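Undergrad: Here it is, the structure, as structure tokens.
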Amino acid sequence: MADLDFDPIERAGELWEKHVGPADSMRLATSLMRVHQLLLAELDAAVKPFGITFARFEVLRLLSFSSRGSLPLSKIGQRLMVHPTSVTNVIDRLAADGLVDRTVDTADRRRVLASLTADGRRVLGAATEALTSIDFGLRTLPADQQRAAYEILRVLRTPDFES
């Protein structure tokens with residue numbers, strides 16, 4: 001990517017205002033998408049040495065928080081706010097790599113449960129260290145600004161919940 005001597009999103013905002021109208025929403029949405037791309041690339045790079053992606057890390061970490069040691073795939077999707085097909089894909093890959101086990105829920109044979117394996121716990125520990133060492137890609141933002149940004153984004157992410 002070529003180095004620019006200007007902010008391309010700001011420039012796009014100026015042009016938007018000139019040709020279309022108010023640009024605040026466009027600037028913010030475009031900025032959020034770009035930050036997402038940058039963060040995901042950095043987070044994926046941090047966990048790549050452990051053979052996983054950030055999406056797989058999220059599933060491993062969520063499973064590690066389970067009080068029962070396993071979670072239904074449907075609950076994983078709900079908690080990570082992703083489509084069931086995405087969960088199935090991630091679980092399939094983690095299972096193929098020996099990082100999670102898939103079992104049928106004996107209480108409800110329609111449900112599939114996922115649980116961490118010993119290798120999954122090992123990979124999760126190493127990946128967690130790697131991500132925390134780079135402050136999840138947010139080291140350029142002071143802690144108070146990280147908290148403020150979280151609160152602002154929470155309104156967009158969870159419009160049906162009260163703060």
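The values are calculated or read from the model by the stated rules, or taken from the named source; none is laboratory data. Keep in mind it's a predicted model, so treat the numbers as computed, not measured. All Cβ positions, glycine included, derive from the backbone under ideal geometry; neighbour counts span all protein chains shown. Just so you know, the surface numbers come from the protein's heavy atoms only, side chains and all, with ligands and any DNA or RNA stripped out. Shrake-Rupley method; radii C 1.70, N 1.55, O 1.52, S 1.80 Å.
Undergrad: Specify whether the C-alpha gyration tensor of region 18-84 places it in the rounded, prolate or oblate class, a ≥ b ≥ c being the square roots of the eigenvalues: rounded for a/c under 1.5, otherwise prolate if a/b is larger than b/c and oblate if not.
TA: oblate
Undergrad: Where in the chain lies the longest segment free of trypsin sites (Lys or Arg not before Pro) that are both loop residues by DSSP (not H, G, I, E, B) and have at most 11 other Cβ atoms within 10 Å?
TA: 1-67
Undergrad: Indicate the gyration tensor shape class of region 97-163 (rounded, prolate or oblate), computed on the Cα atoms with a ≥ b ≥ c the square roots of the eigenvalues: a/c under 1.5 is rounded; otherwise a/b larger than b/c is prolate and the rest oblate.
TA: Verdict is oblate for region 97-163.
Undergrad: Further, regarding this structure: Just to be sure I understand the model, the point goes 7 Å from the Cα along the line to the Cβ. What's the resulting residue 82 to residue 139 distance in nm?
TA: 2.6 nm
Undergrad: Using a Förster distance of 30 Å, how high is the FRET efficiency between residue 17 and residue 37, based on the Cβ-Cβ distance and rounded to 0.05?
TA: After rounding, the FRET efficiency stands at 0.80.
Undergrad: Assuming R0 = 22 Å, can you tell me the calculated FRET efficiency for the pair residue 95 and residue 128, based on Cβ-Cβ distance, to the nearest 0.05?
TA: Using R0 = 22 Å, I get an efficiency of 0.60.
Undergrad: How much accessible area does residue 3 have with a 1.4 Å probe, in Å² rounded to the nearest 10?
TA: 150 Å²
Undergrad: Enter the accessible area per residue of the chain (Å², integer; probe 1.4 Å; all protein chains in place).
TA: Per-residue value: 69 Å².
Undergrad: For region 43-112, what ratio Rg/Rh do Cα atoms give with a Kirkwood hydrodynamic radius?
TA: 0.96
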